[in-house]
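The values are calculated or read from the model by the stated rules, or taken from the named source; none is laboratory data. The shown structure was predicted, so the numbers you read here are calculated from the model rather than taken from an experiment. Using ideal geometry, Cβ is built from the backbone for each residue, glycine included, and neighbour counts are taken over all protein chains shown.
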Amino acid sequence: MAHGTNPPRLTPIEPPYDPEIAKLLERMMGGPAILPLKLFRTLAHNPTLLDKFRGVGTYLLNFGTLDPRDREIVVHRTCARCGSEYEWGVHALFYGGRIGLSQNEIEATVPCVRDDSVLSGREKILIRLVDQLHETSQVSDEL
């Protein structure tokens, strides 16, 4: 079966949204001016699930123990290595800029980009970590 040939089983909801859903989506996106992600609008078919997802996502992205910049470098590289274009794009467009990553820094997370001079030494180590985990499912003693 070819990738992307089947229509989605559940399409994202479209505006106008139910007022409670609209409030929830607005909180998730950080304001009314930003179109809610398709993922969130798809989950919105089940408001309880969307609310639980919001809670987990908020915790993972905002209250974890990783520095937000480190977290985004790891997320971007992991998405790039796994071919997760949609998720990489979400983080590149929505989260990367919010935590201060430049366009060049975001692009340096893609394996085919050779110029990683915009990344710090620590960030280059994080890239190596993701690459090693992706390739071997292990972390060497050296790394």
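Under the condition of being closer than 19 Å to Asp70 by Cβ and either among the basic types (Lys, Arg) or touching a residue at least 12 places away in the same chain (Cβ under 8 Å) (or both), the residues counted in the stretch 109-124 number 8.
Among the residues making up the stretch 77-108, a single one is among the hydrophobic types (A, V, I, L, M, F, W, C), farther than 18 Å from Leu66 by Cα and assigned to a loop (DSSP other than H, G, I, E, B): Ala108. Val130 meets each of the listed conditions (1) at pLDDT below 90; (2) crowded, with 16+ Cβ neighbours inside 10 Å; (3) more than 29 Å from Pro12 (Cβ to Cβ) apart from (1). Of all residues assigned to the stretch 93-116, at least one qualifies as being at positive phi, out of contact with any helix residue (DSSP H, G or I) (no Cβ under 6 Å at 6 or more places or on another chain) and not assigned by TED's automatic domain parsing to the domain that holds Phe40. Filtered by the rule that a residue be at pLDDT 90 or above and among the charged types (D, E, K, R), the stretch 24-58 gives a lone residue, Arg41.
Does Glu123 satisfy the criteria of being more than 30 Å from Ile13 (Cα to Cα) and in a helix (DSSP H, G or I)? It is true that Glu123 is more than 30 Å from Ile13 (Cα to Cα) and in a helix (DSSP H, G or I).
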